[in-house]
1. So for the stretch 306-313 (the condition being surrounded by 12 or more Cβ atoms within 10 Å (Cβ to Cβ) and more than 26 Å from A146 (Cβ to Cβ)), does at least one residue qualify?
2. Just the residues that are more than 19 Å from V141 (Cα to Cα), buried (at least 16 other Cβ atoms within 10 Å of the Cβ) and charged (D, E, K, R), please, taken from the stretch 192-231.
Amino acid sequence: MDLMTLTILLIVGALALIIVGFLTRERASHDVEERLERFGSHHHPHEDDEARERENVFATQVGKAVQDREVGRNMAVLLARADIRMTVGEFMLLRVGSTMLGAMLGFVIARGFSEPVMGVLAGLGVGVLGWMAPHWYVSSVAKKRAKQFNDQLGDTIGLMSNSLRAGYSLLQTMELASKETPEPMATEFRRVVREVGLGISPQQAMQHMLERVPSEDLDLMVTAINIQHEVGGNLAKILDVMGETIRERVRIKGEIQVLTSQGRISGYIITALPIGVAALMFFINPDYIGELFVWPWICLPIIGVALMAAGFFAMQKIVEIEV
């Protein structure tokens, strides 16, 4: 079997793992979520049986192997925060598939105009990127979702305060928020209501929501609700003050984003400019750029990429202002 045939087979295997990961993503990634889908949703029992039949055996074994380890727990938390219905085992298979695919593509592309050892190094580098790419994607989705939640929290607290003042109970208020608020706020409060329906206390259900959506403002609201439950007090008035504070903080953060936008965009442009120029020159004259990917000149692009990455993160850190 020649090298090209082996490479094609490995690429096909990597693609198969990626497809399996996506086809089996319908299962929830948390035990509580599975209970909610079974008892609190509108799905029929036979649909749950079909979902179990579609469960991938390899993904189950991988999930059992890492579920008690820190990496497995961190993946489960990250998937829950991004609201991606995928188990830890399925996510691990997806990462392995993307790693194999990236390594093979990097090797094939670099081997076409360089020495074999450079192809191996390029395959390792692209393989590392393939391993990290799913994690970066899920992290970006989780951050975007958390930002949307924080932007909606001030108005949601105002809605809850008015509902309490109108005579609603805390559970009725959360149920109203699950119906009247946009996503992702509605989904999180809907989960809280379902958990309370399963016998969990409202305080514990709110704590579970805080674990899914890490937010200082939400932590403040949950703490206020817990204290009011223990010592009493006018919860509506407390939520009024809290909602005003959160809305003001969101407004200030928006102004800071506008004032620092030039610095952030400059970081993206300065970082992307040399990469774009190098890619353009590669398509125009591959032999000219190919001279950089032989030893010892390959050290130059490696050091250049490392310095560009360091400069990019430094610029992003400079314009990052905490409120």
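1. There is at least one residue in the stretch 306-313 that is surrounded by 12 or more Cβ atoms within 10 Å (Cβ to Cβ) and more than 26 Å from A146 (Cβ to Cβ).
2. R194, E195, D217
No lab work stands behind these numbers, since they all come straight from the coordinates. Just so it is clear, the model here is predicted, and its values are computed rather than measured. No Cβ is skipped: glycine too gets one built from the backbone with ideal geometry, and neighbour counts run over all protein chains shown.
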